[in-house]
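Working notes, structure below.
The values are calculated or read from the model by the stated rules, or taken from the named source; none is laboratory data. Being a predicted model, the structure only gives us computed values, none of them experimental. Using ideal geometry, Cβ is built from the backbone for each residue, glycine included, and neighbour counts are taken over all protein chains shown. Calculation scope for accessible area: heavy atoms of the full protein, side chains included, ligands and nucleic acids excluded. Shrake-Rupley method; radii C 1.70, N 1.55, O 1.52, S 1.80 Å.
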Amino acid sequence: MDALVMCGGEGTRLRPEYEAEKPLVDVGGIPMVDRVIEALAASHADDVFAVVSPQTPATRSHLVDRGVAVIDAPGEGYVADLQYALDRVERPVLTAVADLPLLEPILVDRTLAVAGGGSLTVVVPAELKRRLGASADSAFERDGREFAPTGLNVVGEADDATYVSYDARLAVNVNRPSDVELAAALCA
């Protein structure tokens with residue numbers, strides 16, 4: 001199964017502390033997007049494509065210089081850019097956000113195994129994010145429990161299933177400066 005790395009957002013919540021495009025923000029001395037690409041490349045995912053936009057020209061150059069295949073999305077927002085990319089690859093496809101710097105190959109492989117070719121949304125308990133000190137901007141409630149999306153998913157043709165992970169590495173999406181500091185501390 002191929003993988004898409006979504007790296008076209010503006011990253012406005014990281015400014016003014018971080019001037020680099022969000023995917024290029026260093027965590028432990030390595031740009032976040034490189035950490036995600038390396039995890040996918042070392043996993044059972046097949047080809048990896050980075051989905052960039054007009055908002056991330058430096059990220060595009062950085063990835064092309066490293067030999068990563070890119071899909072140039074129009075930059076009309078996450079959902080629109082994701083759909084644009086999905087129209088250009090075969091399904092099922094793994095999707096990962098570029099701001100998931102603690103992603104590891106074992107987490108990718110576990111996601112692929114659980115999905116089994118169908119669609120899968122990977123979530124973590126919002127309480128795990130809070131305990132770690134990670135931002136939980138997009139938490140939602142289901143069956144009386146609060147969850148947060150991880151940014152790691154599989155998009156297939158079958159109905160969407162949800163997989164609850166309790167792995168702290170999937171609980172740290174970098175959306176705020178404090179998330180950069182948390183991710184760097186956990187990488188050390």
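Among the GluC sites (Glu not before Pro) within region 1-97, those in coil by DSSP and having at most 12 neighbouring Cβ atoms inside 10 Å are Glu17, Glu19, Glu90.
Can you order the peptides 130-142, 59-71 by their average number of other Cβ atoms within 10 Å per residue, highest first?
Working: 130-142: 14.6, 59-71: 16.5.
Put in order of decreasing packing, that is 59-71, 130-142.
Relative contact order of the chain: 26 percent, from C-alpha pairs under 8 Å at least 6 residues apart in sequence. Shown for the chain are no DSSP H helices, since none reaches 20 Å along its axis, judged by Cα atoms, with a mean Kyte-Doolittle hydropathy of at least 1.6. Amide H to amide H distances under 5 Å link Thr162 with Thr121, where only residues 5 or more positions off or on other chains count and H is placed in the peptide plane. Residues in region 1-133 average 44 Å² of solvent-accessible surface per residue, probe 1.4 Å, ligands and nucleic acids excluded.
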